[in-house]
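Participant: Before I ask anything, let me first share the structure, which is written out below as structure tokens.
The values are calculated or read from the model by the stated rules, or taken from the named source; none is laboratory data. The structure presented is a predicted model; accordingly, all values stated were derived computationally and were not measured. Virtual Cβ from ideal backbone geometry, glycine too; neighbours counted across all protein chains shown. Quick note on the areas: whole protein, heavy atoms, side chains included, nothing else; ligands and nucleic acids left out. Shrake-Rupley method; radii C 1.70, N 1.55, O 1.52, S 1.80 Å.
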Amino acid sequence: MISRFDSILAGLACAALLAGCGGETPDAAPQAAAPVRTLNAVPVTQQDHEAAVQRLYLAYFGRAADPGGLAFYTGVSQRHQLVADTGALFWRYGVDPNVRTILDGLAQSPEGAALYAADNRSTVATMYRNLFNREPDSGGLAFWSGLLDSGALTRGQVPVALLAIAAFEDLAMFDRKAEVAAAFTAALDTPERAAHYTGTAAVDALRTVLAKVDVNISPARQAALVEEALAAVTASPAASKVQAIVRARCVACHSVTPTMPGFATAPRGIRFDTEAQVRADAYRIYVNVVQTQFMPYGNQTNMTQAERDIVRAWYEGGAL
């Protein structure tokens, strides 16, 4: 008996091409070399796994990995031997529960859920922009949003499905974006730079720069875009960076549902679950994080001096 997933696999490529999902037209003449496609588990070195993780971040979040995320998911990739060809993960989704858990986890994460919070047609259009720097054609938009509407595919499957049957030029575009993303992450080589790549404003600034990548981008242009991205991320508003720092370093204790062992309730009832709560306690945060550096207590959550400096700039700038 043929399973529902098997039937999707059997008909996907043909139906997607007929629907204009990104396959080449007969007269297409992409200038970039055709990317190498393989279903084999080829990552071997640390660098191979890091490259695979960068492609996952780009596919699911439309951005470069932050250093912490890169380290975490590189470990995941090494444990589960994720294939280097991101599109090939679509074919493993239905047969490998580890792959399914990873991809669904990315799609359903707070960042993924926020990025794709709109209806399915808008979600598909955003995925096309994140992957290929272009809008979907009408047939592709209808095809992929229809699969989501019907429940035939999940949002965890669509990004890798798009890559699984994409045209060579689209794949080349994805590769170029992944190269710029990897170079950007590598450039976050100081605590100050890494701290600035925090929060929605910084991430949105990077996505804006990645949208400028084209399929025939030169190495010099790639380097220039990395510098532009670093400047844009650094200049992004401090408020969203502070919100992200508080979530990462403070909410483990100061929450309605603390996750730090030993804390059943928030110390002194101080909670930072919402932006409003953070703003309302801006002075207390400034005193304890910047002036006395008493918090986080014992620095158990490893707040960096660069992060404290961002909190300082935020408060002294009016906590806006």
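Participant: For the range 150-207, what is the Kirkwood hydrodynamic radius in Å, using each pair of distinct C-alpha atoms? Could you put the intermediate results ahead of the total?
Facilitator: Details: mean 1/r = 0.0722 Å⁻¹.
Evaluated over the range 150-207, this radius sits at 13.8 Å.
Participant: Right, something else. What list of ³J(HN,Hα) values in whole Hz, one per residue of the range 259-268 in order, does the Karplus curve 6.51 cos²θ - 1.76 cosθ + 1.60 (θ = phi - 60°) give from phi, with Gly and Pro shown as x?
Facilitator: 10, 6, x, x, 10, 7, 9, 5, x, 6
Participant: Next question. Let me know the charge dipole size of the chain about its Cα centre in debye, to the nearest 20, where only the beta-carbon of Lys, Arg (+1) and Asp, Glu (-1) is charged.
Facilitator: 820 debye
Participant: Which whole number in µm²/s is D for the range 229-275 by Stokes-Einstein, with the Kirkwood Rh taken over Cα pairs at 37 °C and 0.692 mPa s?
Facilitator: In µm²/s, the coefficient rounds to 280.
Participant: Quote the FRET efficiency, to the nearest 0.05, computed for Thr45 versus Gln81 with a Förster distance R0 of 22 Å and r equal to the Cβ-Cβ distance.
Facilitator: Here the calculated transfer efficiency is 0.95.
Participant: I would also like to ask the following. Would you please give the residues with an amide H less than 5 Å from that of Arg63, counting only those at least 5 places away or on a separate chain, with H modeled from the backbone geometry?
Facilitator: For Arg63, the qualifying residues are Leu58.
Participant: Quick one: go through the range 179-199 and flag any residue whose amide nitrogen is under 16 Å from the point 7 Å out along the Cα-to-Cβ line of Asp309.
Facilitator: 188-198
Participant: Next question. How large is the direction-averaged shadow of the alpha-carbon convex hull of the chain, in nm²?
Facilitator: On the way: hull surface 74.1 nm².
Averaging across all directions leaves 18.5 nm² for the Cα convex hull.
Participant: Run through the range 256-308 and list the chymotrypsin sites (Phe, Trp or Tyr not before Pro) located in a DSSP loop whose Cβ has at most 15 other Cβ atoms within 10 Å.
Facilitator: The qualifying sites are Phe263, Phe294.
Participant: Moving on to the next point. Can you give the Kirkwood hydrodynamic radius of the range 131-286 from its Cα pairs, in Å with one decimal?
Facilitator: Values: mean 1/r = 0.0536 Å⁻¹.
18.7 Å is the Kirkwood radius here.
Participant: For the range 62-86 and the range 88-147, write down the distance between their C-alpha centroids in whole Å.
Facilitator: The range 62-86 and the range 88-147 have Cα centres spaced 18 Å from each other.
Participant: Right, something else. Counting only protein heavy atoms and a 1.4 Å probe, tell me what percentage of the chain's accessible area is made up of carbon and sulfur.
Facilitator: Working: 8560 of 14960 Å².
It is 57 percent, rounded to a whole number.
Participant: For the chain, set up a GNM with springs between Cα atoms under 10 Å and report which of Gly262, Gly140, Gly69 has the largest fluctuation.
Facilitator: Judging by the Gaussian network model, the answer is Gly262.
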